[in-house]
Amino acid sequence: MTRPGSGRWGRRARSGGPRYPGWLALPALAWYAAFFLIPLGFVVAYSFAALSGYSDIVFAWNLDNYRALWDPLYGDVFRRTLGLSLFGTLTTLLIGFPFAYWIARYARRKTLVLLFVVIPFWTSFLIRTYAWLIILDPQFPLFRVVHVDLLFSRPAVYIGVAYNYLPLMVLPLYAALERIDWSLVEAAQDLGDTPLRSFRRVTFPLALPGVIAGSLLVFIPLTGEYLIPAILGGNKTSYAGSLIAQQFTEVHDWPFGSAIAVVVIAAMTIVLLVFSTWANREASSRG
Amino acid sequence: MARRLLGGFSALVFVFLYAPILVVVVYAFNGGRETLVWDGFSTKWFSAALHDSAVTDAFRNSILIAAGNAVIACVLGTMLALALPKMWKPVRIPLEALVTMTLVTPEIVFGISALIFFTEAGITLGLKTVLIAHVVFNASVVALVVRARFVGMAQDLEEASFDLGAGPLSTFRQVTLPRLAPAVLAGGLLAFTFSFDDFYTSFFVTGAGTSTLPLYIFSSLRFGVTPVVNATAAMILALTLASVGLAYVVLRRAGMSDTGTSA
């Protein structure tokens, strides 16, 4: 049986040739517009609206919701959220980097090892989070020996975050480290660089795109994290995500919840812009 | 020396990654009524879960949504993946950015936006709204997987087919799909998994009275971890693993039998 597609010439970039028509993108585009872009527009519009009575919405087009957010109470919430996101990014980077480095440089059967990194990422986020309810329980065999009760505390939330987000950091790090030509590193060391110096001058710059991609993949979703604090934090400490969910499920103040969401999106966009500008400059300065 | 240290460290990371998952599975086989007091090996909580209508209803809902979502996401995502690579750049770049956006927007923001939209549009919340919302990010997942393969694939046959006057539909059916099928299938399995495991979006748009498995587990956790919850979670893990494993095998086999072009 002959297989189609055995041509060896296919990698050439061709721009003028016949192609699949662009309208094929329309159904997906329509779906995105109707169920993603327009809904996001509604969130922005709601953030300028006001609650009337129990759950009616009046489009007042004023900044009252944002003014209400300008309160030390909510300042604390945003600071805690920023702290959680930074903690998650740094911790997964510190654990993930040596791990990805080992896979990229030393591991045998890389595809298989990588599959075992990806499997936890694909298993239910919810189950991976509540697993820590069992492990951190003072009744868990480990804690019957060491008497520490971390359940429903901030450390429990931090552990859950580091655990759940680790694969998101490792994958892009690996993708960057995997492309490194290790003979460059060896050459630098042969020419007298200490391992630390060759790491700083050769390995790290080459790994930087992975560090940036991984940091964004961890940092951005963390700004809206709700599930981990809800399950492991016992709702005692409030984060931006918890606050949004509360407005929509308990308090029923959708306009205020939307305003918080807009602040989260705005912060996220700023981080993205700063990061990508910095990354572009970094990339161009290194040629 | 550095190599040994790194190897040891990585082994610890693997323990860290897998221990919690193993703990859930192990305690699902605990015969006792108290989750953390081991009382012999038993599969009775699995049968208890399978006889609990709250679990089976949620399970049926989850399967229906995930399967419907996978089918629609495959159609939309594949069409998008075919159109994108040779699109005019000023259109392609924003469209690609949009695809990325659907995947990186914090899910809670997406969940509430969908809730507001469905409410404003007068669409009753239920299985249908969960399905519609899930398709948004899963179409992007399929598009990325299919596109990666389509771009790496030789396009001579497509060009020949178009040159000979075949339309997009017959070219797709006779020339592209046979080679692209593994990627579409893998993308569909991933879409199934992501939908089946989704919590955030479903949390906001299911409405009262309907539930999915993750929502069932979440609401049960209010009363603590019970053996039934553990057994349900173990079954979800098994299903997810089967679906991801299948996607991996499909992609890998296709990657090896097609000359040099890896997915």
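The values are calculated or read from the model by the stated rules, or taken from the named source; none is laboratory data. All values derive from a computational prediction rather than experimental measurement. With ideal geometry, Cβ positions are generated from the backbone for all residues, glycine too; neighbour counts draw on all protein chains shown.
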Residue among A:Leu126, A:Leu112, A:Leu166 that is within 11 Å of another protein chain (Cβ to nearest Cβ), under 29 Å from B:Gly187 (Cα atoms), hydrophobic (A, V, I, L, M, F, W, C) and surrounded by fewer than 17 Cβ atoms within 10 Å (Cβ to Cβ)
A:Leu112
Could you figure out which of (1) in contact with a helix residue (DSSP H, G or I) (Cβ under 9 Å, 6 or more places away or on another chain); (2) more than 21 Å from A:Tyr226 (Cα to Cα) isn't true of A:Trp70?
(1)
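Could you tell me whether B:Ala11 is crowded, with 18+ Cβ neighbours inside 10 Å and either assigned to a helix (DSSP H, G or I) or more than 8 Å from every other protein chain (Cβ to nearest Cβ) (or both)? Please lay out each step first, then the result.
Numbers: crowded, with 18+ Cβ neighbours inside 10 Å: no; either assigned to a helix (DSSP H, G or I) or more than 8 Å from every other protein chain (Cβ to nearest Cβ) (or both): yes.
The answer is no for B:Ala11.
I'm trying to understand the selection: among the residues of region B:204-216, which are crowded, with 24+ Cβ neighbours inside 10 Å and more than 14 Å from B:Ile63 (Cα to Cα)?
Of the residues in region B:204-216, the ones crowded, with 24+ Cβ neighbours inside 10 Å are B:204-205, B:212-214.
Passing the criteria: B:Phe204, B:Val205.
Which of the following residues is under 17 Å from the mean Cα position of the chain (by Cα), assigned to a helix (DSSP H, G or I) and closer than 25 Å to A:Tyr158 by Cα: A:Leu73, A:Leu93? Spell out how you get there, then give the answer.
Details: A:Leu73 fails: under 17 Å from the mean Cα position of the chain (by Cα).
Going through A:Leu73, A:Leu93 in turn, the sole match is A:Leu93.
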Helices (runs of 4 or more DSSP H) (entirely within region A:179-259) containing at least 3 residues that are out of contact with any Cys (no Cβ under 8 Å at 6 or more places or on another chain) and buried (at least 17 other Cβ atoms within 10 Å of the Cβ):
A:204-222, A:227-232, A:240-246
Which condition number does B:Val175 fail, the rest of (1) in contact with an Asp or Glu (Cβ under 7 Å, 6 or more places away or on another chain); (2) on the phi > 0 side of the Ramachandran plot being met?
(2)
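When you scan region A:129-148, how many residues do you find that are facing chain B (nearest Cβ under 7 Å) and not in a helix (DSSP H, G or I)?
3
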Being surrounded by fewer than 20 Cβ atoms within 10 Å (Cβ to Cβ), within 24 Å of B:Phe196 (Cα to Cα) and facing chain A (nearest Cβ under 9 Å) is the requirement here; does B:Val37 meet it?
no
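Taking the conditions exactly as written (touching a Leu at 6+ places or on another chain (Cβ under 9 Å) and basic (Lys, Arg)), does B:Arg3 satisfy them or not?
Working: touching a Leu at 6+ places or on another chain (Cβ under 9 Å): no; basic (Lys, Arg): yes.
No, not satisfied.
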Regarding region B:139-159, can at least one residue be identified that is in contact (Cβ under 8 Å) with a residue 24 or more places away in the chain, facing chain A (nearest Cβ under 7 Å) and under 30 Å from A:Ser242 (Cβ atoms)?
yes
Could you check, for region B:159-174, whether at least one of its residues is at pLDDT 90 or above, more than 27 Å from B:Met79 (Cβ to Cβ) and touching a helix residue (DSSP H, G or I) at 6+ places or on another chain (Cβ under 8 Å)?
no
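Each row is one residue, and each column tells you yes or no for (1) of a type outside the set (Lys, Arg); (2) more than 16 Å from A:Phe35 (Cα to Cα); (3) touching a Ser or Thr at 6+ places or on another chain (Cβ under 7 Å); (4) assigned to a helix (DSSP H, G or I).
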site: B:Ala49; (1), (2), (3), (4): yes, yes, yes, yes
site: B:Ala54; (1), (2), (3), (4): yes, yes, no, yes
site: B:Ala58; (1), (2), (3), (4): yes, yes, yes, yes
site: B:Gly68; (1), (2), (3), (4): yes, yes, no, yes
site: B:Thr78; (1), (2), (3), (4): yes, yes, no, yes
site: B:Pro90; (1), (2), (3), (4): yes, yes, no, yes
site: B:Ser113; (1), (2), (3), (4): yes, no, no, yes
Go over the candidates B:Phe204, B:Phe223, B:Phe172, B:Phe199 one by one and state the one that is among the aromatic types (Phe, Trp, Tyr) and more than 8 Å from chain A (Cβ to nearest Cβ).
B:Phe223
If you scan region B:97-137, which residues turn out to be charged (D, E, K, R) and surrounded by fewer than 18 Cβ atoms within 10 Å (Cβ to Cβ)?
B:Glu120, B:Lys128
How many residues, within region B:10-28, are in contact with a Ser or Thr (Cβ under 7 Å, 6 or more places away or on another chain) and either of a type in the set (Val, Ile, Thr) or farther than 21 Å from A:Arg144 by Cα (or both)?
1
All but one of (1) surrounded by fewer than 24 Cβ atoms within 10 Å (Cβ to Cβ); (2) facing another protein chain (nearest Cβ under 7 Å); (3) farther than 24 Å from A:Gly257 by Cα hold for B:Leu64, so report the exception by its number.
(2)
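Would it be correct to say that B:Leu239 is part of a helix (DSSP H, G or I), within 11 Å of another protein chain (Cβ to nearest Cβ), out of contact with any Leu (no Cβ under 6 Å at 6 or more places or on another chain) and of a type in the set (A, V, I, L, M)?
Numbers: part of a helix (DSSP H, G or I): yes; within 11 Å of another protein chain (Cβ to nearest Cβ): yes; out of contact with any Leu (no Cβ under 6 Å at 6 or more places or on another chain): yes; of a type in the set (A, V, I, L, M): yes.
So B:Leu239 passes the test.
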